[in-house]
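Visitor: Here it is, the structure, as structure tokens.
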Amino acid sequence: MKPARFHYVRPASIAEAVLLLAEHGEDASILAGGQSLMPVLNMRLSRPRVVVDINRIAKLKGIALADGAVRIGALARHVEVMRSPLIARHLPLIAEAMPNVAHVAVRNRGTFGGSVALADPSAEMPACLLALGGAVVLESTRGRRQVAAEDYFHGLYDTARRPDELLIEALIPPQRPDTLSAFMELSRRHGDFAIAGLACTLRHDAGVIHAPRLVYFGSEPRPVLARTAMAALDGKAWSPATHDAVAAALADDLDPIDNTFGSPAAKLHLQRVVTRRVLDGLPDKARAA
Amino acid sequence: MTAEIKAKLTPLDRPNTYVGRTVSRQGARKAVAGAGQYTDDISLPRMLHAAFVRSPYAHARLTKLDVNAAKTAPGVALVMTGKELAERITAPWLGTLTCFPGMKAAPQYPMVIERACWQGEPVAIVVAQSRALAEDAAELVEIEWQELPAAADKETALDRTTPVIHPDLGDNLAFEKTIGSGDVDAAFKAADIVVEETFRFGRHTAVSLESRAILADYNKPAERLILYTSSQAPHMIQTIYARMLGIPDHNVRIVAPDVGGSFGMKIHSYGDEVATAAASMALGRPVKFIADRLESFVSDIHARENLIKARLAVSRAGDIEAIEIDVLSGAGAYSQYPRTSVFEANQVLTITGGPYRHKHYRAKATVVYMNKVPTSQYRAVGHPIGNSVGESLVDMAAAACGLDPLEIRRRNVMPDDGYPAVTAGGIKVKELSHQKCLAALERRMNYAALRAEQAILRKQGIYRGIGIAAFIKGTAPGPNGYYGIGGAPISLQDACTIRLDPGGGIICAVGVTEQGQGVNTVMGQIAATTLGVPLDQVRVISGDTDATPFGGGTYASRATAIGGEAVLKAAGELRAEILSIAGALLQAPAGSLDIVDGHIVDAGTDRRRISLKEIGRIGHFQLHELPNSVQPRLSVTHRFRLLDDLYILTNGVSGATVDVDTDTGFITLRKAWVVEDCGRIVNPLLADEQVRGGFVQGLGGALYEHCIYDDAAQLVNGTLADYLTPMAGEMPDIDVAHIHTPTSVSELGAKGVGESGTASAPAVVMNAVNDALRPLGARVTEQPMTPEVVLRALGKI
Ligand SMILES: Cc1cc2nc3c(=O)[nH]c(=O)nc-3n(C[C@H](O)[C@H](O)[C@H](O)COP(=O)(O)OP(=O)(O)OC[C@H]3O[C@@H](n4cnc5c(N)ncnc54)[C@H](O)[C@@H]3O)c2cc1C
């Protein structure tokens, strides 16, 4: 388990990094926290010619609120996001989800950008980004572009990012005071990737639910915005019957993958359980808010 | 003498009495400080590194193997194919033992010659200046395969349409065996109630923290081979490598430095390790091979894959009358040398239902070969399976009779005053304590209160399950059993050479080995206690065939029971000699003297007369001070083995509480209890740690660990991201207690303890889960008990 030979470069700026990417394209791999990249290098599942270490690029760091959006730099470590007062205040969904990401040691190195760039189907941050209606900023020598999360996650480890693009940051609209959010996942052991999970936001007014966004992860090749289930919830009041109807509607939204963590039937069942539990818990959360 | 030592072993208030007392594990501080020395920490001048080309297919014919490009790659010193290696060995392995009549096995070469029989089987060794260069070069080996259909499923392994892995064997049948007693058919016919079920156990593997590791150093001019290796049986490895490589035993030295866990997995012979030794011999340079985690999953032995149909007859009153089991055991592509791949099934036959008094029993095993990693002995061989099956049946019987699980066991276990006895499975048992263990468990669990709480929780929709499972465990085998009479090069005796050095230090060299469990500490405790010296005056040496007397190593929970007795006896003899030398020097009868705290004292008054250091000085340097009639040896070797007994049987009973989330199928372990009887305990802390660690390892198989193969016999989850092991966060508090019924086969009285937790955990957790599910009419019969398995049992998916 030793990586195949590669060249190592450590650009100091975004401009330098994107030049390298322009030059090497698919032959380059970006090294952020390395928590996912190093294992695939060591297993020789990935054998880039060049590894571009972005850890020294200051502009990719930090978390800030600007122009009406929370900006999470690509190099913000999971632990920084988890402890950030700004995130706790404006993006409680992410604050709630982050403790489910891996273990302390992995969170100390792993980055928000790495997680979103990798697009592991069981990862929490991509699901949150989609539920919150965020976007990612990508840059190459051809310029900068912003891609909405809804257009960004294409499939299993497959995103709208082109090989010569560096993920710069995520931009996420702050949760409104009347927005409720909830997060739940099922994983076999603490810190494992989820086999079923739901990140959701919604508004409610006099007991009536509006504009729900339900994003499922863990069971699908990518985080899935469950439109049928959302329609079954929109404009309804909390009730066991509604929650059952939303869970039932998932059959149209989800098409779980079959792997060693469970059959599609088991995963659909678990996503329904998660749905009911999250929805059953929301009225209490609403009252507490 | 004997009575004297015995008296010294018990009262803890005597100086130097360490037996029965917790002392911290030697080497723990070193390991925590990162100052341990494992095989991979050893670096020798001119050392090279090995990597392997392995078969990507479960079954495939080699149609092309061209190593020329690899040979000329940067840093490469040697590439050796399976064929070339075959020419360097005396004979292939044959994994049979004569104690298994009718068993069939194919000869196994260390690496593929023309046909690969499992995914991961080594094909060629590449030796280079670094592991990375060796891996680079391994990729340059040009190789073409003709993929062959694979035998992937034990249930169809004997079908006519399934490919026969070894045509010379005629079919994929490895072994069949039926044992029994009484009149089973009549008992089932006459029975009030019969319960039956089919149980499935998934394959898993040991996942030791330190993977397999070997550093082979062949000195060509000296014709001497030294192997530094992470092993639990150095002398066995010495014999096997000497035979296989055609070197006299005495020119092969095995050093097992610090070992990071082994669990039975490091007691077998592995082709890649032989290839490493052969490469060193070919090159005359040291060659190191450290299995990485990926290759560990496809080359370390696997275990536990079994399908068992079982039934039990019980009277309406709750008396167990008869048990019958039919075992289908899935071995790998070869029978693992030298212990074979049929032991697991054999153990299931003999121990299932072992705690009980029923008189009618029949057990049949069929072991079949498949194109998978070879299987063999792994901690608690067969016991987790046999106990799960037997104890599940007993719980089903209890439910059918309307009895509490504890009650039915109380009613049926062998009585503590009924020994010696023979179980229905044919095992001679003595000095067991099922009744005492059950009583202790009931108290420690506060069983009645748990049941009351369970009833309240049920009303709240919480499915709390309470499990009970009794067990027997065969430990510390003797030569009259399988390996001895079966003809294996495995030593069933163990030995201690103990000596007094000039400085008064005691060197205690033992054949049993240390893998992090504290064997050396325990041996030191026994030696220090017997001799009457402070513990830090004793140095224990293990794991080096040049420095220790020939022994079997550590397996089958034998180190303390067998090796400890050898230490006790050897130390006793040394003590006698020291006293007689002291007597000659002091002109006092030896019987009037004693050794306390490293000094010869007057017995009774403990008045100091002369130190051990002085005896050492005179005994080694100033020998003229002694009468001519005294010729000090100051070094004693003693060996110990069981005489008539096959094993030292132990017993115990476990309890567990779990909550089953009936919506998700997730199981939460709440608490576990183990009451076991390992006879005399030398070090309470280490004994408890063995029980706890073993229990957790058993939980692994019960809940998480599974080598999952697809239809083409490809392992699909061979990484630690996909193969789940138990983690501290999910583990319950494990309450451990002991009943002390010393064995009469030794003076020390210790029985094995290292596997008891593993033997019982799967059974007790399965019973707890099924206790939770019983009101829902569901039953889980498959391990690991994943959420999927539980949901299916509940009919939710
Ligand atoms: C034991 C363990 C458990 C884990 N459990 C979880 C879990 O429960 N949930 C979870 O979400 N994750 C989990 N992870 C993954 C962890 O969160 C990773 O850190 C994360 O997925 C990747 O982040 P990274 O910074 O380490 O990226 P790296 O490993 O450095 O890179 C990952 C991939 O993203 C690319 N990349 C990284 N940054 C950029 C960028 N700025 N622009 C373009 N491409 C980029 C890399 O080229 C690479 O392909 C676990 C990891 C481990 C080792």
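Visitor: Considering the range A:24-55 alone, what residues qualify as being more than 7 Å from the ligand (Cβ to nearest atom) and either of a type in the set (D, E, K, R) or in contact (Cβ under 8 Å) with a residue 60 or more places away in the chain (or both)?
Guide: Correct list: A:Gly25, A:Glu26, A:Asp27, A:Ala28, A:Arg44, A:Arg47, A:Arg49, A:Asp53.
Visitor: Counting only residues that are farther than 19 Å from A:Asn55 by Cβ and more than 8 Å from the ligand (Cβ to nearest atom), which one in the range A:105-125 is modelled with the lowest pLDDT?
Guide: Here the residue is A:Pro121.
Visitor: What's the number of the only condition in (1) more than 10 Å from the ligand (Cβ to nearest atom); (2) charged (D, E, K, R); (3) within 14 Å of chain B (Cβ to nearest Cβ) that A:Asp67 fails to meet?
Guide: With (1) more than 10 Å from the ligand (Cβ to nearest atom); (2) charged (D, E, K, R); (3) within 14 Å of chain B (Cβ to nearest Cβ) applied to A:Asp67, the lone miss is (3).
Visitor: In this structure, is A:Asp280 within 13 Å of chain B (Cβ to nearest Cβ), surrounded by fewer than 24 Cβ atoms within 10 Å (Cβ to Cβ) and under 26 Å from A:Ala88 (Cα atoms)?
Guide: Answer is yes for this residue.
Visitor: Here is a list: B:Ala31, B:Ala58, B:Ala51. Which entry is aliphatic (A, V, I, L, M), at pLDDT below 95 and either within 26 Å of B:Thr81 (Cα to Cα) or outside any loop (DSSP other than H, G, I, E, B) (or both)?
Guide: Answer to the check: B:Ala31.
Visitor: Being in contact with a Leu (Cβ under 9 Å, 6 or more places away or on another chain) and within 19 Å of B:Tyr57 (Cβ to Cβ) is the filter here; which residues of the range B:134-153 pass it?
Guide: Within the range B:134-153, B:Val141, B:Glu142, B:Ile143, B:Glu144, B:Trp145, B:Gln146 qualify.
Visitor: So which pairs qualify, if the first residue must be in the range B:295-307 and modelled with pLDDT under 95, the second must be in a loop (DSSP other than H, G, I, E, B), the Cβ gap must be under 9 Å, and the two must be at least 6 apart or on different chains?
Guide: Matching pairs, first to second residue: none at all.
Visitor: Looking at the range A:200-214, can you tell me whether even one residue there is within 14 Å of chain B (Cβ to nearest Cβ), touching a strand residue (DSSP E or B) at 6+ places or on another chain (Cβ under 9 Å) and at positive phi?
Guide: no
Visitor: Applying the selection to the range B:675-689, what residues are in a loop (DSSP other than H, G, I, E, B) and touching a strand residue (DSSP E or B) at 6+ places or on another chain (Cβ under 9 Å)?
Guide: Across the range B:675-689, the qualifying residues are B:Cys678, B:Arg680, B:Ile681, B:Val682.
Visitor: Here's another thing I want to ask about it. Which of the residues that make up the range B:724-738 are in contact with a Phe, Trp or Tyr (Cβ under 7 Å, 6 or more places away or on another chain) and within 10 Å of another protein chain (Cβ to nearest Cβ)?
Guide: B:Leu724, B:Thr725, B:Pro726
Visitor: Please find, within the range A:176-186, the residue that is farthest from A:Val51 (Cα to Cα) out of those that are away from the ligand (no atom under 16 Å from the Cβ) and crowded, with 20+ Cβ neighbours inside 10 Å.
Guide: Once the filter is applied, the top-ranked residue is A:Leu180.
Visitor: Would you please name the residue that is modelled with the highest pLDDT, looking only at residues in the range B:695-723 that are among the hydrophobic types (A, V, I, L, M, F, W, C) and within 16 Å of the ligand (Cβ to nearest atom)?
Guide: Once the filter is applied, the top-ranked residue is B:Leu720.
Visitor: From the list A:Pro126, A:Pro163, A:Pro121, which residue is within 14 Å of chain B (Cβ to nearest Cβ) and under 30 Å from A:Leu19 (Cα atoms)?
Guide: The unique qualifying residue is A:Pro121.
Visitor: Can you tell me which residues in the range B:124-165 are buried (at least 23 other Cβ atoms within 10 Å of the Cβ) and of a type in the set (Val, Ile, Thr)?
Guide: B:Ile125, B:Val126, B:Val127, B:Ile165
Visitor: Is there any pair linking a residue in the range A:93-108 that is farther than 18 Å from A:Leu129 by Cα and of a type outside the set (Ser, Thr, Tyr) to one that is within 11 Å of the ligand (Cβ to nearest atom) and at pLDDT below 95, with Cβ under 6 Å and at least six apart or on different chains, and which?
Guide: Going by the 6 Å Cβ cut-off, the qualifying pairs are A:His103/A:Gly191.
Visitor: When the residues of the range A:190-207 are narrowed to those that are among the charged types (D, E, K, R) and in a strand (DSSP E or B), which ends up nearest to the ligand (Cβ to nearest atom)?
Guide: This residue is A:Arg203.
Visitor: Of the residues in the range B:374-409, how many are outside any helix (DSSP H, G or I) and among the polar types (S, T, N, Q)?
Guide: 3
Visitor: Looking only at the range B:122-160, count every residue that is among the hydrophobic types (A, V, I, L, M, F, W, C) and within 14 Å of another protein chain (Cβ to nearest Cβ) and tell me the total.
Guide: So the answer is 8.
Visitor: It is to be established whether one or more residues within the range A:175-194 are on the phi > 0 side of the Ramachandran plot, not assigned by TED's automatic domain parsing to the domain that holds A:Leu270 and not β-branched (Val, Ile, Thr).
Guide: no
Visitor: Would it be correct to say that A:Ile168 is surrounded by 14 or more Cβ atoms within 10 Å (Cβ to Cβ), more than 15 Å from the ligand (Cβ to nearest atom), more than 14 Å from chain B (Cβ to nearest Cβ) and not aromatic (Phe, Trp, Tyr)?
Guide: no
Visitor: While we're on this one: Only one of these conditions is not met by B:Asp171: (1) surrounded by fewer than 24 Cβ atoms within 10 Å (Cβ to Cβ); (2) touching a residue at least 24 places away in the same chain (Cβ under 8 Å). Which number is it?
Guide: Going through the list (1) surrounded by fewer than 24 Cβ atoms within 10 Å (Cβ to Cβ); (2) touching a residue at least 24 places away in the same chain (Cβ under 8 Å), B:Asp171 breaks only (2).
Visitor: Turning to a different aspect of this structure: For B:Asp663, all conditions in the list (1) assigned to a loop (DSSP other than H, G, I, E, B); (2) away from chain A (no Cβ under 14 Å) hold save one; what is the number of the exception?
Guide: Single failed check for B:Asp663: (2).
Visitor: Those residues that are within 13 Å of the ligand (Cβ to nearest atom) and more than 27 Å from A:Gly262 (Cα to Cα), I need them from the range A:126-143; list them, please.
Guide: A:Val136, A:Val137, A:Leu138, A:Glu139, A:Ser140
Visitor: For residues that are within 18 Å of B:His383 (Cβ to Cβ) and polar (S, T, N, Q), tally how many sit in the range B:669-726.
Guide: 2
Visitor: Right, next: Which of the residues belonging to the range B:769-797 are over 33 Å from the mean Cα position of the chain (by Cα) and more than 14 Å from every other protein chain (Cβ to nearest Cβ)?
Guide: Answer for the range B:769-797, where residues must be over 33 Å from the mean Cα position of the chain (by Cα) and more than 14 Å from every other protein chain (Cβ to nearest Cβ): B:Arg774, B:Pro775, B:Leu776, B:Gly777, B:Ala778.
Visitor: Quick one: how many residues across the range B:575-596 are out of contact with any Asp or Glu (no Cβ under 9 Å at 6 or more places or on another chain) and under 14 Å from B:Gly532 (Cα atoms)?
Guide: 5
Visitor: Checking B:Arg293 against (1) surrounded by 20 or more Cβ atoms within 10 Å (Cβ to Cβ); (2) within 14 Å of another protein chain (Cβ to nearest Cβ); (3) within 22 Å of the chain's Cα centre (by Cα), which test does it fail?
Guide: With respect to (1) surrounded by 20 or more Cβ atoms within 10 Å (Cβ to Cβ); (2) within 14 Å of another protein chain (Cβ to nearest Cβ); (3) within 22 Å of the chain's Cα centre (by Cα), B:Arg293 is out only on (1).
Quick grid of which residues meet (1) surrounded by 15 or more Cβ atoms within 10 Å (Cβ to Cβ); (2) more than 14 Å from chain B (Cβ to nearest Cβ); (3) farther than 29 Å from B:His49 by Cα; (4) within 26 Å of the chain's Cα centre (by Cα):
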| residue | (1), (2), (3), (4) |
| --- | --- |
| A:Phe6 | yes, no, no, no |
| A:Ala17 | yes, yes, yes, yes |
| A:Leu21 | yes, yes, yes, yes |
| A:His24 | yes, yes, yes, no |
| A:Ile30 | yes, yes, yes, yes |
| A:Gly34 | yes, yes, no, yes |
| A:Pro39 | yes, no, no, yes |
| A:Pro48 | yes, yes, no, yes |
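The values are calculated or read from the model by the stated rules, or taken from the named source; none is laboratory data. What you are looking at is a predicted structure, and each value in this text was computed from that prediction instead of being measured. Note: ideal-geometry Cβ built from the backbone for every residue, glycine included; neighbour counts use all protein chains shown.
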